[in-house]
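The block underneath contains the structure these notes are about, expressed in structure tokens.
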Amino acid sequence: MTINSEPVVRVDHVSRWFGSVVAVSDVSFDIKPGITGLLGPNGAGKTTLLRMITGLADVSDGTVTVLDQPIRNNSALFGRIGVMSEHETVYGFMKGREFVKIMGRLRGVSDLDAAADRAIELVDLVEASHRPMGTYSRGMRQRMRLAATLVHDPDILILDEPLNGADPLQRVQFQDLMRRFAADGRTIVLSSHILEEVEQVADTVLLIVNGKLAASGGFRAIRAALDKRPYHVRVMSDSPRELAAAVVTLDSVEAVNIDPDGAIVVLSNNVRALQIELPLRAEAASIRLFGVEPMDDSLESVFGYLVDG
């Protein structure tokens with residue numbers, strides 16, 4: 001199917017303050033169909049930003065529009081948005097299927113039984129759906145909460161830390177489900193501190209630091225934009241000290257350290273040149289290279305650079 005590339009969510013010079021505390025400061029970005037990862041340290045303003053995007057909180061300045069309409073107090077839009085908050089909000093005595101049906105009723109779903117069955121099947125909890133949620137593991141409760149978020153078949157999903165408590169298999173299943181939704185043309189905003197998982201599933205990344213938008217785009221594009229910062233490259237060889245002495249004089253190398261395990265870590269300002277020069281220096285010194293791997297090609301490193309900066 002053809003997926004609309006027009007922005008679904010538009011945040012335009014938005015700020016939010018609580019007394020003298022500025023939680024979000026002059027943030028602007030567009031969110032298009034697909035999966036957008038919202039990342040940032042605790043207290044960065046992510047949850048406040050999500051609450052403004054969903055209309056649960058008002059802005060102090062700027063505007064937030066969803067599908068070209070103001071989101072605040074717009075009940076017509078609420079039926080098109082599914083929101084899963086970070087904090088767990090379930091009753092332990094309530095059966096999973098009952099919980100999903102109640103959420104469907106609140107969303108005005110007509111055929112509650114069919115909608116609940118479909119949503120529960122999506123999260124693979126059919127067999128547990130008639131048990132009280134107090135008997136669930138934390139990961140199972142998260143999945144049933146996700147089913148309640150999906151029960152009205154929303155076009156837009158806003159998910160705040162949805163993978164808390166999920167085991168590795170559940171996380172893979174969640175990623176597959178999100179990719180399927182994105183392929184259907186839905187818009188998904190995923191807030192998480194699990195950087196490697198966002199890296200694997202998100203088309204676009206928004207990095208929020210101290211209430212401001214630090215960077216946006218694909219994580220590799222963001223990392224490429226930080227070329228003014230040196231890259232760390234880990235090199236394994238049969239003679240680490242000799243290799244360190246051989247490469248430290250290269251123009252592409254700013255520093256070399258030797259790890260306790262015998263690998264050297266090269267701080268390079270030009271990885272492309274280092275890739276050419278490193279094997280030549282090793283060959284000239286009769287040093288065998290066992291492995292060369294970048295240490296900065298991940299969201300973890302990008303995030304660290306931005307937060308430290």
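The values are calculated or read from the model by the stated rules, or taken from the named source; none is laboratory data. This one's a predicted model, so the numbers in the text were calculated from it and none came from an experiment. Quick reminder, even Gly has a Cβ in these numbers, built from the backbone with ideal geometry, and neighbours come from all protein chains shown.
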- Message: Residue pairs, Cβ under 6 Å, 6 or more apart or interchain, first in the stretch 138-164 and closer than 28 Å to Thr65 by Cα and in contact (Cβ under 8 Å) with a residue 12 or more places away in the chain, second of a type in the set (D, E, K, R) and in a helix (DSSP H, G or I). List them.
- Response: Leu163/Arg171
- Among Ala114, Ala148, Ala128, which is exposed (fewer than 15 other Cβ atoms within 10 Å of the Cβ), aliphatic (A, V, I, L, M) and in the same structural domain as Ala166 (by TED's automatic domain parsing)? Ala114
- Output for the stretch 190-222, where each listed residue is surrounded by fewer than 19 Cβ atoms within 10 Å (Cβ to Cβ) and either assigned to a loop (DSSP other than H, G, I, E, B) or free of Cβ contacts under 8 Å to residues at least 12 places away in the same chain (or both): His193, Ile194, Asp203, Asn210, Gly218, Ala221
